[in-house]
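The values are calculated or read from the model by the stated rules, or taken from the named source; none is laboratory data. Keep in mind that this is a model prediction, so the values were computed, not measured. Every residue, glycine among them, receives a Cβ derived from its backbone with ideal geometry; neighbour counts consider all protein chains shown. Protein only, heavy atoms only, side chains kept; ligands, DNA and RNA dropped before computing areas. Shrake-Rupley method; radii C 1.70, N 1.55, O 1.52, S 1.80 Å.
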Amino acid sequence: MSGAVGLHTATIGSGPVPVVLLHGLLGQGQNLSTAARGIADLATSLLVDVPNHGRSGRTEHVDYLELADVIAAELRARGAAERPVVLVGHSMGGKIAMCLTLRHPDLVAGLVVVDVSPVDHDGAESFGRIIDAMLALDLTRLRSRAEADEALASAIPDPTVRGFVLQNLRRTDDGPGWAWLGDPRLLRAELNVVCGFPDMAGAHWDGPVLWVAGADSDYVQDRHEPVMRALFPRVQLVRVRGAGHWVHADRPQVFIGLLRAFLAPWSAGAGTRPTRPGGGLSPA
């Protein structure tokens with residue numbers, strides 16, 4: 001743990017490019033470990049449990065600017081002002097990454113935004129049902145993870161989503177009971193904020209940005225592109241066929257390939273900035 005809020009982190013790889021990966025809502029840093037291992041020769045990746053998630057500390061409210069500042073303070077303490085990082089953020093983590101880049105541009109060399117747009121998104125209802133099911137589970141009577149899986153099946157019928165949610169369930173240290181990692185009650189109470197995006201009008205960052213969208217997802221729409229380009233003029237959009245919102249899980253090798261192409265100029269050029277995102281990428 002480190003920082004005022006207390007961030008739980010893990011490091012994967014030993015490559016020359018410093019990379020920081022930020023997960024989405026109800027996730028943990030470990031959700032992006034496959035991607036981190038896939039770039040381990042090119043990058044040293046820091047996987048962060050975002051505040052109110054995983055084993056990181058909690059905030060009083062959900063505020064993207066505050067979350068960006070908390071993570072920026074951690075990166076600054078780790079030397080990012082002298083050696084800027086490549087930020088990779090999925091969904092909620094992508095929103096944090098965008099805010100961090102715009103507010104602390106000296107810390108960021110490149111940005112990868114995965115299946116999210118800098119706009120309000122109508123996802124509160126679907127995520128609300130998931131969190132409601134989590135909070136309704138009687139953890140004091142729960143005997144096993146399998147029992148929790150069965151209890152959640154009617155509210156969360158997709159086994160992949162259910163398995164993702166159950167990664168947040170852990171045994172307590174002081175007894176046979178169970179607890180949810182993070183703060184699902186806070187996330188539920190402020191879900192409209194989580195699904196929104198702060199007003200960043202007038203801000204922009206001219207560094208290289210790779211925008212990865214799942215072709216089967218509605219989080220990145222054509223009408224969002226002007227907003228994205230106003231904030232990040234050098235953005236390049238790549239849509240991944242056969243992928244939904246969790247691009248890195250649906251098409252892991254394609255996602256790793258996109259990351260490797262984006263990181264290659266830094267790896268080859270000892271940290272110099274590439275002239276365009278990833279040296280040029282085509283739809284995957």
If you take the residues in the range 186-195 that are out of contact with any His (no Cβ under 7 Å at 6 or more places or on another chain) and crowded, with 17+ Cβ neighbours inside 10 Å, which one is farthest from GLY123 (Cα to Cα)? LEU186
Mind checking which residues of the range 165-185 are open to solvent by 20 Å² or more (accessible area, probe 1.4 Å) and over 18 Å from GLU147 (Cβ atoms)? ASP173, ASP174, ASP183, ARG185
Could you tell me which numbered condition LEU102 fails, if it satisfies all but one of (1) closer than 30 Å to PRO265 by Cα; (2) part of a loop (DSSP other than H, G, I, E, B)? (2)
The correct count of residues that are assigned to a loop (DSSP other than H, G, I, E, B) and open to solvent by 20 Å² or more (accessible area, probe 1.4 Å) in the range 28-47 is 3
Among the residues of the range 120-144 satisfying the criterion of being open to solvent by 30 Å² or more (accessible area, probe 1.4 Å) and touching a residue at least 60 places away in the same chain (Cβ under 8 Å), which is farthest from ALA201 (Cα to Cα)? ASP122
Failed criterion for THR160 (all others in (1) surrounded by fewer than 17 Cβ atoms within 10 Å (Cβ to Cβ); (2) assigned to a loop (DSSP other than H, G, I, E, B); (3) at pLDDT below 95 hold): (2)
Tell me, which residue of the range 1-13 that is at pLDDT 95 or above and assigned to a loop (DSSP other than H, G, I, E, B) is least open to solvent (accessible area, probe 1.4 Å)? LEU7
ARG83 vs. criteria part of a loop (DSSP other than H, G, I, E, B), under 12 Å from LEU7 (Cβ atoms) and open to solvent by 60 Å² or more (accessible area, probe 1.4 Å): no
Test: ARG78 is among the basic types (Lys, Arg) and in contact with a helix residue (DSSP H, G or I) (Cβ under 9 Å, 6 or more places away or on another chain): no
How many residues, within the range 236-250, are over 17 Å from the mean Cα position of the chain (by Cα), open to solvent by 10 Å² or more (accessible area, probe 1.4 Å) and touching a residue at least 40 places away in the same chain (Cβ under 8 Å)? 3
Examine the range 24-37 for a residue that is farther than 21 Å from PHE164 by Cα and more than 12 Å from the chain's Cα centre (by Cα), and state whether such a residue exists. no
